[in-house]
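Colleague: This is the structure I want to talk about, given as structure tokens.
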Amino acid sequence: MNELKGLHHITAITSSAEKIYEFFTNVLGLRLVKKTVNQDDIQTYHLYFTDDVGSPGTDMTFFDFPGIPKGVHGTNEISKTSFRVPTDAALAYWVKRFDKYDVKHKGIQEQFGKKTLAFVDFDDQQYQLISDELNEGVSAGTPWQNGPVPLEFAITGLGPIFVRTSYFDYFKEVLEKVFLMKEVGQEDSFHLFEMGAGGNGAQVIVEFNNILPQARQGFGTIHHAAFRVADRAELDEWTNRLSSFQLPNSGFVERYYFGSLYSNVAPQVLFELATDGPGFMGDEPYETLGEKLSLPPFFESKRDEIEQLVRPINTVRSNLKIDKEYL
């Protein structure tokens with residue numbers, strides 16, 4: 001088996017597609033490269049925020065399920081998303097930026113030898129920035145060239161995801177025996193696992209916690225996490241591997257922008273394996289990525305129906321001049 005190549009994307013749930021667009025675009029400086037709908041629930045937006053060109057491993061996506069309640073953080077959940085920034089100095093910039101935009105944060109800290117900055121959004125969704133200053137392994141992406149954040153401080157991709165579990169021994173076995181990850185560090189109740197070339201873009205941090213109440217999914221929580229495979233052939237090999245371990249899985253699912261395989265690997269922990277291609281550039285030009293409602297070809301016949309179900313959101317940016325904000 002080829003090892004997993006690293007993180008592919010994280011998908012979370014938001015209370016407001018409009019507010020998350022504002023937060024990710026104007027505060028975090030990530031680029032909306034695709035405005036589409038949840039293929040399993042077409043009344044729900046699916047927004048993809050990435051680096052400048054939609055590289056795999058840089059992608060945070062959001063659903064805005066109508067009527068869903070607020071989630072509750074606790075044990076047994078994918079609990080936090082990390083974003084990579086180039087240097088320790090970049091974190092000092094982000095402290096000032098978060099203070100300017102009234103983003104709640106915990107100041108610069110350190111874990112597993114890397115400087116970090118934890119923060120939350122308006123839904124209490126949990127994030128952190130992590131410095132690549134001492135990092136080796138999976139390459140970072142390309143910061144959004146026309147975004148508001150100076151390029152030397154900008155987010156370049158996904159860092160370690162956090163999973164909080166009361167079933168640590170079982171979960172460790174799944175990561176190591178099924179997904180071929182390796183435990184490479186421990187600090188208190190946190191265990192660091194790596195896949196592929198390793199580094200910030202290929203890590204999972206597992207927290208053992210049997211004290212907190214059970215988490216409950218809703219807006220402000222993560223829906224699933226996805227890891228990278230090269231292509232459909234590798235994805236099919238992983239389907240066979242999951243089945244050989246009796247892990248229930250979806251088999252191949254065509255998402256048009258990538259191919260997918262889903263598995264509930266532990267209570268309230270949904271993992272996806274996703275192919276690196278075809279990517280997000282096939283149905284929109286670079287200059288106007290994310291500005292129109294994009295639908296995969298198998299949904300085009302339902303465009304009129306879908307456009308009636310989802311409210312319009314203005315995501316046009318190509319006609320704006322966005323100045324870099326030095327603080």
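Colleague: Within region 275-299, track down each residue that is out of contact with any Gly (no Cβ under 8 Å at 6 or more places or on another chain), within 28 Å of G251 (Cα to Cα) and surrounded by 10 or more Cβ atoms within 10 Å (Cβ to Cβ).
Modeller: Quick first cut of region 275-299, residues out of contact with any Gly (no Cβ under 8 Å at 6 or more places or on another chain) only: 276-278, 282-283, 285-288, 290-299.
Now restrict to residues that are within 28 Å of G251 (Cα to Cα): 276-278, 282-283, 293-299.
Within region 275-299, D276, G277, P278, G282, D283, L293, S294, L295, P296, F298, F299 meet the criteria.
Colleague: In the set L32, L47, which member is crowded, with 22+ Cβ neighbours inside 10 Å, touching an Asp or Glu at 6+ places or on another chain (Cβ under 9 Å) and at negative phi? Quick ask: steps written out before the conclusion?
Modeller: Working: L32 fails: crowded, with 22+ Cβ neighbours inside 10 Å.
Of L32, L47, the one residue that is crowded, with 22+ Cβ neighbours inside 10 Å, touching an Asp or Glu at 6+ places or on another chain (Cβ under 9 Å) and at negative phi is L47.
Colleague: Within region 267-310, count every residue that is over 18 Å from Y48 (Cβ atoms) and free of Cβ contacts under 8 Å to residues at least 12 places away in the same chain.
Modeller: Within region 267-310, residues that are over 18 Å from Y48 (Cβ atoms) and free of Cβ contacts under 8 Å to residues at least 12 places away in the same chain number 5.
Colleague: Still on this structure: Every residue in region 55-96 that is in contact with a strand residue (DSSP E or B) (Cβ under 7 Å, 6 or more places away or on another chain) and among the aromatic types (F, W, Y), please.
Modeller: F62, F63, F65, F83, W94
Colleague: Whether any residue in region 80-88 is over 20 Å from the mean Cα position of the chain (by Cα), surrounded by 17 or more Cβ atoms within 10 Å (Cβ to Cβ), of a type outside the set (S, T, Y) and not in a strand (DSSP E or B) is what I want to check. Outline the logic, then answer.
Modeller: Taking region 80-88 as the starting set, the residues that turn out to be over 20 Å from the mean Cα position of the chain (by Cα) are 87-88.
Now narrow it down to the ones that are surrounded by 17 or more Cβ atoms within 10 Å (Cβ to Cβ): none.
Within region 80-88, not a single residue is over 20 Å from the mean Cα position of the chain (by Cα), surrounded by 17 or more Cβ atoms within 10 Å (Cβ to Cβ), of a type outside the set (S, T, Y) and not in a strand (DSSP E or B).
Colleague: Also, quick follow-up: Does K321 qualify as being surrounded by fewer than 17 Cβ atoms within 10 Å (Cβ to Cβ), of a type in the set (K, R) and assigned to a loop (DSSP other than H, G, I, E, B)?
Modeller: yes
Colleague: Right, another one. Restrict the check to region 96-106 and report whether at least one residue is of a type outside the set (G, A, S), assigned to a strand (DSSP E or B) and surrounded by fewer than 21 Cβ atoms within 10 Å (Cβ to Cβ). Please lay out each step first, then the result.
Modeller: First, the residues of region 96-106 that are of a type outside the set (G, A, S): 96-106.
From what's left, assigned to a strand (DSSP E or B): 105-106.
So of that shortlist, the ones also surrounded by fewer than 21 Cβ atoms within 10 Å (Cβ to Cβ) come out as 105-106.
Looking through region 96-106, at least one residue is of a type outside the set (G, A, S), assigned to a strand (DSSP E or B) and surrounded by fewer than 21 Cβ atoms within 10 Å (Cβ to Cβ).
Colleague: Would you check which residues across region 251-267 are assigned to a loop (DSSP other than H, G, I, E, B) and either aromatic (F, W, Y) or modelled with pLDDT of 95 or more (or both) and list them?
Modeller: So the first thing to find is which residues in region 251-267 are assigned to a loop (DSSP other than H, G, I, E, B), and the list is 251-252, 255-257, 267.
Across region 251-267, the qualifying residues are G251, F252, R255, Y256, Y257.
Colleague: Report yes if L47 is in contact with a Leu (Cβ under 8 Å, 6 or more places away or on another chain), in a helix (DSSP H, G or I) and of a type outside the set (K, R), otherwise no. Explain how you work it out, then say what you get.
Modeller: Working: in contact with a Leu (Cβ under 8 Å, 6 or more places away or on another chain): yes; in a helix (DSSP H, G or I): no; of a type outside the set (K, R): yes.
The answer is no for L47.
The values are calculated or read from the model by the stated rules, or taken from the named source; none is laboratory data. Note that this is a predicted model, so its numbers are computed, not measured. Every residue, glycine as well, gets a Cβ built from its backbone with ideal geometry; the counts of neighbours run over all protein chains shown.
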